[in-house]
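The values are calculated or read from the model by the stated rules, or taken from the named source; none is laboratory data. In this text the structure is predicted, and so the values were computed from the model without any measurement. Ideal geometry is used to build each Cβ from the backbone, glycine not excepted, and the neighbour counts take in all protein chains shown.
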């Protein structure tokens, strides 16, 4: 029987092409690695290498062994992940969301309904990763923007809307307007908080000529947005949580992309477990 560590070492040798490279990658001595390669050959009873000028080169047997070793190691990782995922699902409800705002409503509902279970969430910038994560079982429930194409494994339901606005100082030229378009904004210097899920990708895509001052710290972002002259984005949902900054005007963005509808998605097989949450979310 070939132990997993031997397969890992064989794959590392194939990836680096030399014993020295593999030993450096694995942080083991070159003689120890050489002994491991000989041990694999002894277990299989075949030669895996051609020895040329004091270096090893994989022969056809070796190339096949590497391919099969990669498959075995991948299956081992999959096994570990699936077992951990199952255990995690018994204690934790995981959420993959495309934006922060849906989590504000979803996480408290889950905590109330599923007393004693932990709630874990992660933001993504696109629907594809969320859908894949839910289908693979990595996440109990997902929140996507817009709609999702029909899928026999996935169920969905609407989960509210959110609209994007621009906040500008009253001294800013755009403050003369009540509604603005993307053309008005494109080319402006804009303050942007980066951890906003798909909104980040959307504004970068729709405003290719804008100059963004990126902020990763929300408290710092809020402080600068309130006190500095940079225009920044806000949504109707966030305005319900806190008032608009003093001395600033909120401008409606008259573009279809500025409004999104969220959907909850989940695996059909999880409906019974999620039914209380789904009914409360209607």
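Counting only residues that are outside the structural domain of residue 270 (by TED's automatic domain parsing) and assigned to a loop (DSSP other than H, G, I, E, B), which one in the range 147-181 is farthest from residue 277 (Cα to Cα)? The residue in question is 171. Among the residues of the range 254-275, those that are closer than 20 Å to residue 207 by Cβ and part of a helix (DSSP H, G or I) comprise 256, 257, 258.
Residue count for the range 135-150 under the criterion of being in contact with a helix residue (DSSP H, G or I) (Cβ under 9 Å, 6 or more places away or on another chain) and either surrounded by 14 or more Cβ atoms within 10 Å (Cβ to Cβ) or at pLDDT 90 or above (or both): the result is 10. Got a sec? Which of 51, 77 is out of contact with any helix residue (DSSP H, G or I) (no Cβ under 6 Å at 6 or more places or on another chain) and either closer than 30 Å to residue 274 by Cβ or in a helix (DSSP H, G or I) (or both)? When all the criteria are applied, what remains is 77. Against the list (1) closer than 15 Å to residue 228 by Cα; (2) surrounded by fewer than 18 Cβ atoms within 10 Å (Cβ to Cβ); (3) in contact with a helix residue (DSSP H, G or I) (Cβ under 9 Å, 6 or more places away or on another chain), the condition residue 170 fails is (3). In this entry, residue 2 passes the filter for residues that are touching a helix residue (DSSP H, G or I) at 6+ places or on another chain (Cβ under 6 Å) and either in a helix (DSSP H, G or I) or surrounded by 14 or more Cβ atoms within 10 Å (Cβ to Cβ) (or both).
Exactly one residue among 95, 83 is under 30 Å from residue 202 (Cβ atoms) and outside any loop (DSSP other than H, G, I, E, B), and that residue is 95. For the range 108-129, which residues satisfy the criterion of being in a helix (DSSP H, G or I) and within 18 Å of the chain's Cα centre (by Cα)? Across the range 108-129, the qualifying residues are 127, 128, 129. For residues that are in contact with a strand residue (DSSP E or B) (Cβ under 8 Å, 6 or more places away or on another chain) and touching a residue at least 24 places away in the same chain (Cβ under 8 Å), scanning just the range 7-47, find the one that is surrounded by the fewest Cβ atoms within 10 Å (Cβ to Cβ). Per the criteria, the residue is 18. Might you check whether a residue that is assigned to a loop (DSSP other than H, G, I, E, B), touching a residue at least 40 places away in the same chain (Cβ under 8 Å), out of contact with any helix residue (DSSP H, G or I) (no Cβ under 6 Å at 6 or more places or on another chain) and surrounded by 17 or more Cβ atoms within 10 Å (Cβ to Cβ) occurs anywhere in the range 218-225? Checking the range 218-225: not a single residue is assigned to a loop (DSSP other than H, G, I, E, B), touching a residue at least 40 places away in the same chain (Cβ under 8 Å), out of contact with any helix residue (DSSP H, G or I) (no Cβ under 6 Å at 6 or more places or on another chain) and surrounded by 17 or more Cβ atoms within 10 Å (Cβ to Cβ). When 251, 239 are screened for being farther than 26 Å from residue 132 by Cβ, assigned to a strand (DSSP E or B) and in contact with a strand residue (DSSP E or B) (Cβ under 8 Å, 6 or more places away or on another chain), only 251 passes.
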